[in-house]
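Just below is one structure, and these are the notes that go with it.
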Amino acid sequence: MSEIRPVKIYNSLSGKKEVFEPLTPGRIGMYVCGPTVYNDVHLGNCRTFVSFDVIYRYLMHIGYKVRYVRNITDVGHLLDDGEDRMAKGARLDQLEPMEVAQKYTVGFHDIMRILNTLPPSIEPRATGHIPEQIEMVQAILDRGYAYAINGSVYFDVSKFAKENPSVYGRLSGRVIDELLAESRENLKNQDEKKHSADFAIWIKASEEHIMRWNSAWSVGFPGWHLECSAMSTKYLGKTFDIHGGGGDLKFPHHENEVAQNHGSCGCQPANYWMHANMLLLNGRKMSKSEGNTIAPTELFTGDSPFVTKGYSPMVVNFLC
Ligand SMILES: [Zn+2]
């Protein structure tokens, strides 16, 4: 095999550009957090996936064999009020949750194809990996970094941070003492948690909650952060090369992923963390919660108050 030219990566974990060293010569395992399929993707979401498509293609171009895993979040991504995004989408559209997930997964794939991005090597769904997530909850409990209460299971952030002082907060730059001091009374189930910084890894389903699975703790569903820890471990191993995602996922999602991986096996998940920056629209982050989004199709057709004409998908890809 010919020599692969060295490449430098800006590693969010160290905050530095580093010469990339794969775990296995010539091969790379890369995990990128995929979309939550409860409504149409907007251009900000697409930008992250276009960025990682460029990275994926470049790594293959210089000679690496890359296993690129990008998940589909079809359960567990909670709204601020604690309602599952999938269940909420289902109720609004009067559809089965899986029908909603299917509809928006197909829509996402269509846009990714129009933007000329390559599909990942594996595209696992959170709902297809409930046993793996339940096993991980058990492993975290066995190692003493979680506690079960009233059918839900919470990750014990203060205990984990005390015993692993260099881990929690390193990726996102959060100071653990400040997190522990923060009051988050607006969040649901505060009374069940030992500490406000703790986060749910298994949630007992309420009567009206449609998406639910049996477990030793309750009929419930996994916490949002858990799927990526469980699926990256399953397809890339306990420690792998690159973990990517949008910059807004650094905290809490990625920080909690790191904690879960450490908490379940005592190992660091990815050696390199890469974050794509946020797309701005009129100076503000493009996000659904801000009501500040443009759909890719609107940009292609020009049918949006934000643009005066349509653009070719390749122009949009290049701009990203
Ligand atoms: Zn993720």
**Residue match in segment 94-112 (condition: more than 16 Å from the ligand (Cβ to nearest atom), modelled with pLDDT of 95 or more, part of a helix (DSSP H, G or I) and under 28 Å from Pro22 (Cβ atoms))** = yes
**Complete:** Across (1) outside any loop (DSSP other than H, G, I, E, B); (2) surrounded by 15 or more Cβ atoms within 10 Å (Cβ to Cβ), Glu178 clears everything bar (2)
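Can you find, within segment 285-320, the residue that is nearest to Phe52 (Cα to Cα) among those that are within 25 Å of the chain's Cα centre (by Cα) and β-branched (Val, Ile, Thr)?
First pass over segment 285-320, keeping only residues within 25 Å of the chain's Cα centre (by Cα): 285-297, 316-320.
Retained after the next criterion (residues that are β-branched (Val, Ile, Thr)): 293-294, 297, 316.
Working: Thr293: 21, Ile294: 20, Thr297: 21, Val316: 15 Å.
Looking at residues that are within 25 Å of the chain's Cα centre (by Cα) and β-branched (Val, Ile, Thr), I get Val316.
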**Item:** Only listed residue being within 26 Å of Ile242 (Cα to Cα) and not in a helix (DSSP H, G or I), chosen from Val167, Val153
**Value:** Val167
**Request:** Tally the residues that are among the hydroxyl-bearing types (Ser, Thr, Tyr), in contact (Cβ under 8 Å) with a residue 60 or more places away in the chain and assigned to a loop (DSSP other than H, G, I, E, B), restricting the search to segment 270-314.
**Result:** 2
**Asked** Only one of Asn282, Asn277 is under 21 Å from Arg47 (Cβ atoms), more than 17 Å from the chain's Cα centre (by Cα) and more than 16 Å from the ligand (Cβ to nearest atom); which?
**Response** Asn282
**Request:** Would you mind stating whether Glu208 is modelled with pLDDT under 95 and either within 20 Å of the chain's Cα centre (by Cα) or over 27 Å from Ile72 (Cα atoms) (or both)?
**Result:** no
**In segment 116-128, the residues that are buried (at least 20 other Cβ atoms within 10 Å of the Cβ) and part of a helix (DSSP H, G or I)** = Ala126, Thr127
**Prompt:** Somewhere in segment 207-230, is a residue in contact (Cβ under 8 Å) with a residue 40 or more places away in the chain, surrounded by 18 or more Cβ atoms within 10 Å (Cβ to Cβ) and closer than 22 Å to Ile55 by Cα?
**Reply:** yes
**Fill in**
Sole miss for Leu13 among (1) buried (at least 23 other Cβ atoms within 10 Å of the Cβ); (2) among the hydrophobic types (A, V, I, L, M, F, W, C); (3) part of a loop (DSSP other than H, G, I, E, B) is condition (1)
**Request:** Return the total of residues in segment 21-65 being surrounded by 20 or more Cβ atoms within 10 Å (Cβ to Cβ), assigned to a strand (DSSP E or B) and either at pLDDT below 95 or not aromatic (Phe, Trp, Tyr) (or both).
**Result:** 5
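Restrict the check to segment 300-313 and report whether at least one residue is within 30 Å of Thr24 (Cα to Cα) and surrounded by fewer than 22 Cβ atoms within 10 Å (Cβ to Cβ).
no
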**Fill in**
When Val69 is run through (1) in a helix (DSSP H, G or I); (2) buried (at least 20 other Cβ atoms within 10 Å of the Cβ); (3) modelled with pLDDT of 85 or more, the failure sits at (1)
**Search result, residues across segment 228-269 that are near the ligand (Cβ under 10 Å from one of its atoms), outside any strand (DSSP E or B) and closer than 22 Å to Asn164 by Cβ** = Cys228, Ser229, Ser232, Leu249, His253, His254, Asn256, Glu257
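The values are calculated or read from the model by the stated rules, or taken from the named source; none is laboratory data. Quantities reported herein were computed from a predicted structural model and do not represent experimental measurements. FYI the Cβ positions are ideal-geometry reconstructions off the backbone, even for glycines, and counts take in every protein chain you see.
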